[in-house]
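Report on one structure; see the data block that follows.
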Amino acid sequence: MPIGQFKIGKIAEERQPHLTNSVVGDPRVPSQEWAKTEGMVAFAGYPLIVADRVVGVIAMFSRESLADADFEALGVAATAISVAISNARNSEAAELARAAAESANRGKAEFLTVMSHELRTPLNAIGGYAELLEMGLHGPVTPAQVAALQRIQRSQRHLLGLINGILNFAKVDAGMLEYELGRVLLDEVSATCEARVTPQARAKQIALDFTGAEHELCAFS
C-alpha cells in the first residue's frame, strides 16, 4: 500500500490512528460501494511504530459499531505488536553481533597460531646459533663475546616469553589458561633487564650497575 494513499497509507503517513463507526460516508474509505454491500459499519486502524519508524498498520472492519473499549483494545494490541517487532529486531541484532564476535575471535586465534609458528622458528634458530657460538664450535670466542652471546640468548628467551604471553590471551578467551606457581631468582630477573637496556644505555653513555642477588620471589608462569 503506497504511503499517503487510501486509509492504510494515510494512517502510515500521519502516524495517527483512524477510528470510525461511520464507514459509509467516510471520505477516507474509498470503496464505498463495497462497504455498503458488505454492511461495514466501523473501522479501526493503528500505525505500528518501532524505533520512531512506521513498519506497518494494523486495521480491521466491523459490521457492528465498536465501543471505546474495542478501539482501546486494538490500540493495546498494536502497541504489543510494535514491542514484539522491536524485541525481535534487537534479538536478531544481538545474534549478528555475537556471530561477528565469534568470527573475530576465531580469526584472532588463527592469527596467533600462525604468528607463534612464524616467530618461534627464527627465534629458536637465533638461540641455537648463539649457544653454538658460545660453546666455541665455530672458533674461539673472547669473554666479552661470551657475555654478548649470553645477552642474545636471554633476549631470545624473553621474546619467546612475550609470544607465550600473547598466546595466553587466546587461551583466556577459550577458558583454557592455566597458571603454575613457581620461584624465580632475582639475579635472573636482573640479568634479563640488564640485557635489554644495556645497549641503549651505552649508546647514551649511561653507566648501569646490576648487583646479583640470591633471593627468590614467588611468581606465576
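The values are calculated or read from the model by the stated rules, or taken from the named source; none is laboratory data. Just so it is clear, the model here is predicted, and its values are computed rather than measured. Note: ideal-geometry Cβ built from the backbone for every residue, glycine included; neighbour counts use all protein chains shown. Quick note on the areas: whole protein, heavy atoms, side chains included, nothing else; ligands and nucleic acids left out. Shrake-Rupley method; radii C 1.70, N 1.55, O 1.52, S 1.80 Å.
What accessible area per residue, rounded to a whole number of Å², is obtained for the chain using a probe radius of 1.4 Å? Spell out each step's value before the answer.
Details: 15010 Å² over 221 residues.
About 68 Å² of surface per residue is accessible.
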Aspartates and glutamates near Lys108 by alpha-carbon distance under 12 Å, same-chain residues fewer than 8 away left out - which ones?
-> Asp173
Once Phe61, Phe111 are ranked on solvent-accessible area with the largest value leading and a 1.4 Å probe, the list reads Phe111, Phe61
Between Ile85, Leu162, Ser31, whose Cα lies farthest towards the positive end of the dipole of the chain when Lys and Arg beta carbons carry +1 and Asp and Glu beta carbons carry -1, centred on the Cα centre?
-> Leu162
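Please report, as a whole percent, how much of the solvent-accessible surface of segment 10-72 comes from carbon and sulfur atoms (probe radius 1.4 Å). Display every interim value, and only then the final one.
Working: 1740 of 3650 Å².
The value for segment 10-72 is 48 percent carbon and sulfur by accessible area.
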At R0 = 25 Å the Cβ-Cβ FRET efficiency linking Ala93 and Ile3, nearest 0.05, sits at 0.50
With θ set to phi - 60°, apply the Karplus curve 6.51 cos²θ - 1.76 cosθ + 1.60 along segment 183-192 and write out the HN-Hα couplings as whole Hz, x wherever there is a Gly or Pro.
-> 10, 10, 6, 5, 5, 5, 5, 5, 5, 5
Using the Karplus equation 6.51 cos²θ - 1.76 cosθ + 1.60 (θ = phi - 60°), what ³J(HN,Hα) coupling, rounded to whole Hz, does each residue of segment 29-34 give in order, writing x for Gly and Pro?
-> 10, x, 8, 5, 5, 4
With a ≥ b ≥ c the root eigenvalues of the C-alpha gyration tensor of segment 1-72, is it rounded (a/c under 1.5), prolate (a/b larger than b/c) or oblate?
-> oblate
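Report the extension gain between Gln145 and Arg106 in nm, rounded to one decimal, defined as 0.36 nm multiplied by the number of residues separating them, less their alpha carbon distance. Please report the intermediate quantities before stating the final value.
Values: separation 39, 0.36 × 39 = 14.04 nm, distance 4.45 nm.
Full extension of this stretch gives 9.6 nm more.
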The Cα extents of the chain along the principal axes, largest first and rounded to whole Å, are 113, 35, 34
Gain on full stretching of the segment that runs from Leu159 to Arg28 - 0.36 nm per residue minus C-alpha separation = 39.4 nm
What list of ³J(HN,Hα) values in whole Hz, one per residue of segment 130-143 in order, does the Karplus curve 6.51 cos²θ - 1.76 cosθ + 1.60 (θ = phi - 60°) give from phi, with Gly and Pro shown as x?
-> 5, 5, 5, 5, 5, 6, x, 6, 10, x, x, 10, 7, x
Amide H of Val41: which non-local residues (sequence gap of 5 or more, or other chain) have their own amide H closer than 5 Å, using H built in the peptide plane?
-> Ser62, Arg63, Glu64
